[in-house]
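Below is one structure; the comments refer to it alone.
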Amino acid sequence: MSGLHLECFTVRFRRAAGALILAAAFMLANALPIAAQSPDGQIWEHDAASRVQAIAVSGDGTLIAVGSRDNSLSLFDAAGELLWRFEAENSILGVDISPDGQWLAVASEDRFVYLLDREKNVLWKYKAGRPMNNAAVASDGSLVAATSDDLTVYVFDNMGNLLWHEELGIGVRAVDIYGSAEKARVVVGSDDGLITIYSREGRDLLRMWLDYNVESVSVTPNGARILAGSGDGSAILLNGANGKQIWRFRAEESVNSVSLASDGSNALVGSEDGTAYLLDGHGVLTHRFRHESEVLSVGLAGDGNRLSIGTVSGAVKTYDRKAALSSAARSSAQRQRLIFTVLGLIALLVLAAVWAARNTVAGQQVWQRSAAGPLGVVQTMWSARLSYILILPTLALLLTFNYYPAFSGLYHAFTEWSPGVRTEWVGLANFQSLMENRFFLSGFRNAAILVVVSIAKTMTMPLLVAEFIFNLRNRFSQYWFRTLFVVPIVLPAVVEILVWNNIYDPAIGLLNESLKLVGLEELTRVWYGDASVALGSIIFIGVPWVNAFALLIFYGGLISISNEIIDASLVDGASTWRRFWSIDLPLLMGQVKLLLILNFINAVQTFELVFLTTGGGPGASTYTPALELYYKAMRMDRMGIASAIGMILFFIILAGTIVNMRFVSSSTEYEA
């Protein structure tokens with residue numbers, strides 16, 4: 001076959017193979033995220049006039065009570081038809097419905113707690129000193145409990161008589177009731193992380209402590225299981241008999257509402273991240289219901305099959321659990337079929353290539369031409385096999401501890417990842433969540449400031465001191481000044497930060513005490529606690545910012561400059577300032593280039609400085625992306641999102657490195 005025919009065959013073969021591979025990859029990349037995030041099983045949807053702040057579902061799921069900010073309580077049937085609407089004088093903040101749907105307890109911002117029957121009749125109401133924020137009713141309607149912004153829990157009988165109340169002295173909004181008649185029990189969760197079980201008479205029966213404030217509680221009818229949602233994004237199932245933790249689930253953001261099936265076999269968790277998480281009885285995630293806005297309230301029927309979700313945007317959506325899980329299973333099966341299809345196409349392509357290489361003249365020639373290079377490399381490696389064997393342990397360690405974690409992080413950035421437990425592909429969901437995370441977005445502003453300041457610090461004071469030392473005439477003085485400036489490098493950075501923490505101490509710190517001493521007491525403040533100066537206080541740490549490492553780099557560059565060049569500048573009458581701009585600085589561009597990229601990387605990854613000083617506060621005024629990565633990974637166990645943050649930081653650092661390599665010329669490039 002002629003060379004022209006061979007070339008044509010090669011081009012066509014490569015084009016066909018490339019097209020098939022690209023098509024398969026495109027199908028795979030687009031199908032996986034869509035299949036993983038498509039919640040189905042929705043029965044009906046209602047658009048409320050304002051944010052939905054409370055939802056309750058009857059035991060069989062045939063009645064759904066919805067309380068919203070527009071002062072209305074709406075009761076819907078299983079098909080989503082409005083049965084009636086009750087109007088309060090202010091926003092409805094809490095609602096509960098008995099399993100048979102005969103009684104509804106309503107807490108309103110108008111300071112009232114109401115007890116309604118199924119026909120919307122107000123059986124009684126009670127007024128507190130501050131807004132009522134939540135309410136619960138016993139299964140037989142014999143007991144009603146309500147929490148109020150006056151830091152008090154109130155308990156009533158079915159006639160509206162106040163049986164007892166307790167001032168907790170701290171915020172409380174989580175309440176539920178289990179049991180009936182004389183055996184009814186009230187479960188209350190407060191902002192100090194305490195969950196208390198009270199008897200009908202108000203006796204303290206059991207106390208359980210959580211790590212964070214309790215936002216919501218839900219209890220099985222027999223009290224055997226208590227589900228609590230907390231401000232750190234945890235949903236925790238507790239044993240109602242002894243308070244021991246059974247399992248813990250982590251949402252991406254704070255948990256606003258929880259609901260538990262009667263037998264504890266299913267749980268629904270609503271979070272600030274706009275997701276309602278459906279869990280099984282072991283706390284394992286079985287499905288996600290994603291929404292465009294924050295999920296404020298959730299309700300789960302006693303049988304666990306019907307569930308309702310309310311959001312900040314005013315959407316009320318009701319789903320069938322079995323249908324949703326069935327849809328998810330179908331999507332998973334379709335995804336698996338697609339993967340096998342793509343793998344089959346690739347396998348056919350490989351087989352076709354092997355057949356062509358073995359049975360056609362053109363294929364053999366293409367194989368020989370393509371294999372010539374790799375075979376040559378293999379032969380060269382074999383001739384130096386002893387060297388490769390000796391370097392293999394080092395390479396294996398690098399691959400295991402450096403490269404594998406990096407590539408693992410890139411992959412897991414697109415997954416919901418709990419190491420050793422679950423890895424679920426979610427596509428771009430982690431990145432979408434980060435774009436709505438105010439702490440993460442604020443962190444980039446702070447990181448940009450820290451990058452600019454860090455580079456300015458490194459390029460000024462260390463270079464200035466290096467020039468001063470270099471221009472000293474006495475070699476003895478040069479040695480000792482260099483030593484004095486470098487000695488602090490042996491001090492751990494953590495120690496320096498802790499020393500500055502003491503300097504900034506608002507009560508006994510050196511800075512405030514010095515200001516008082518010179519009559520400037522009005523300038524004293526809580527330096528880490530004032531959002532307007534917190535970031536500036538962190539930046540000021542280490543003044544006068546003579547970084548020993550940068551100093552040595554610059555000094556090493558200066559002493560490497562040829563004496564002939566310096567002598568020639570003196571003969572030409574150049575001043576020290578002129579020599580700095582025309583000789584020293586151009587010949588130090590290699591050092592500048594190195595320090596620019598190292599400081600850029602360190603500043604983008606700033607963590608320990610903020611973590612040991614302000615922890616990111618107050619608010620988000622000193623937050624950094626690296627700090628958010630740490631919190632997501634270590635405190636919230638959100639490894640997938642943490643990997644996504646790491647991936648974003650990787651590409652930012654990569655872009656910064658490319659810009660530095662492209663636009664900053666070293667001394668050699670400068671001369672060229």
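The values are calculated or read from the model by the stated rules, or taken from the named source; none is laboratory data. A quick note: this is a predicted structure, and the numbers were derived from the prediction, not measured. Counting neighbours? That spans all protein chains shown, and the Cβs are built from the backbone with ideal geometry, glycine included. Only protein heavy atoms, including side chains, enter the accessible area calculation; ligands, DNA and RNA are left aside. Shrake-Rupley method; radii C 1.70, N 1.55, O 1.52, S 1.80 Å.
Any idea how many residues of region 115-131 are closer than 25 Å to LYS183 by Cβ and either surrounded by 19 or more Cβ atoms within 10 Å (Cβ to Cβ) or aliphatic (A, V, I, L, M) (or both)? Lay out the reasoning, then the answer.
At the first step, the residues of region 115-131 found to be closer than 25 Å to LYS183 by Cβ are 115-118, 123-124, 126.
Among the residues that remain, those that are also either surrounded by 19 or more Cβ atoms within 10 Å (Cβ to Cβ) or aliphatic (A, V, I, L, M) (or both) are: 115-116, 123.
Of the residues in region 115-131, 3 are closer than 25 Å to LYS183 by Cβ and either surrounded by 19 or more Cβ atoms within 10 Å (Cβ to Cβ) or aliphatic (A, V, I, L, M) (or both).
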Exercise for review: Please verify whether region 150-171 includes one or more residues that are farther than 24 Å from VAL122 by Cα, at pLDDT 95 or above and of a type in the set (A, V, I, L, M, F, W, C).
Suggested key: no
Review point. Limited to region 472-494, what total is found for residues that are open to solvent by 60 Å² or more (accessible area, probe 1.4 Å) and among the β-branched types (Val, Ile, Thr)?
Key: 4
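Within region 445-471, can you find the residues that are over 29 Å from ILE652 (Cβ atoms), part of a helix (DSSP H, G or I) and open to solvent by 40 Å² or more (accessible area, probe 1.4 Å)? Don't jump to the end; show me each part of the working.
Initially, region 445-471 is screened for residues over 29 Å from ILE652 (Cβ atoms), giving 464-471.
Going one step further and asking which of them are part of a helix (DSSP H, G or I), we end up with 464-470.
LEU464, PHE468 - these are the residues of region 445-471 that are over 29 Å from ILE652 (Cβ atoms), part of a helix (DSSP H, G or I) and open to solvent by 40 Å² or more (accessible area, probe 1.4 Å).
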Practice item. Quick one: count up the residues across region 504-538 that are closer than 14 Å to THR622 by Cα, in a loop (DSSP other than H, G, I, E, B) and not aromatic (Phe, Trp, Tyr). Key: 5
**Study point:** Test set (1) in a helix (DSSP H, G or I); (2) at pLDDT below 90 - GLU424 fails condition number
**Key:** (1)
Check your understanding: Which residue pairs have Cβ atoms under 7 Å apart, sit 6 or more places apart or on different chains, and have a first residue in region 507-525 that is free of Cβ contacts under 8 Å to residues at least 24 places away in the same chain and a second that is of a type in the set (Val, Ile, Thr) and not in a helix (DSSP H, G or I)?
Key -> ASN512/THR524; LEU515/THR524; LYS516/THR524; ARG525/VAL533
Point to revise | Residues of region 243-282 that turn out to be open to solvent by less than 30 Å² (accessible area, probe 1.4 Å) and not in a strand (DSSP E or B), as a count | key: 9
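Considering only residues that are open to solvent by less than 80 Å² (accessible area, probe 1.4 Å) and in a helix (DSSP H, G or I), look in region 351-363 and name the one that is modelled with the highest pLDDT. Give the steps one after another, and end with the answer.
Our first condition is that a residue be open to solvent by less than 80 Å² (accessible area, probe 1.4 Å); within region 351-363, this holds for 352-354, 356-357, 360, 362-363.
Okay, now just the ones that are also in a helix (DSSP H, G or I), so 352-354, 356-357, 362-363.
On the way: ALA352: 77, ALA353: 74, VAL354: 72, ALA356: 71, ALA357: 67, ALA362: 71, GLY363: 67.
Across region 351-363, the extreme among qualifying residues is ALA352.
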Check your understanding: Given the structure, is ILE236 open to solvent by less than 10 Å² (accessible area, probe 1.4 Å), aliphatic (A, V, I, L, M) and within 33 Å of the chain's Cα centre (by Cα)?
Key -> yes
Practice item. Kindly check whether there is at least one residue in region 412-426 that is open to solvent by 60 Å² or more (accessible area, probe 1.4 Å) and at positive phi. Key: yes
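Each row is one residue, and each column tells you yes or no for (1) exposed (fewer than 12 other Cβ atoms within 10 Å of the Cβ); (2) within 29 Å of ASN446 (Cα to Cα); (3) without any contact (Cβ under 8 Å) to a residue 40 or more places away in the chain.
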residue	(1), (2), (3)
GLU496	no, yes, no
ASP505	no, yes, yes
ASP572	yes, no, yes
SER582	no, no, yes
Check your understanding: Are any residues in region 82-97 surrounded by fewer than 23 Cβ atoms within 10 Å (Cβ to Cβ) and either modelled with pLDDT of 95 or more or in a strand (DSSP E or B) (or both), and if so, which ones?
Key -> LEU82, LEU83, TRP84, ARG85, PHE86, GLU87
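Checking the conditions here, which among THR423, THR415 is under 23 Å from TYR277 (Cα atoms) and in contact with a His (Cβ under 8 Å, 6 or more places away or on another chain)?
Result: THR423 is the single residue among THR423, THR415 that is under 23 Å from TYR277 (Cα atoms) and in contact with a His (Cβ under 8 Å, 6 or more places away or on another chain).
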Review point. Can you name the condition, by its number, that TRP545 falls short on among (1) assigned to a helix (DSSP H, G or I); (2) open to solvent by 70 Å² or more (accessible area, probe 1.4 Å); (3) touching a Lys or Arg at 6+ places or on another chain (Cβ under 7 Å)?
Key: (1)
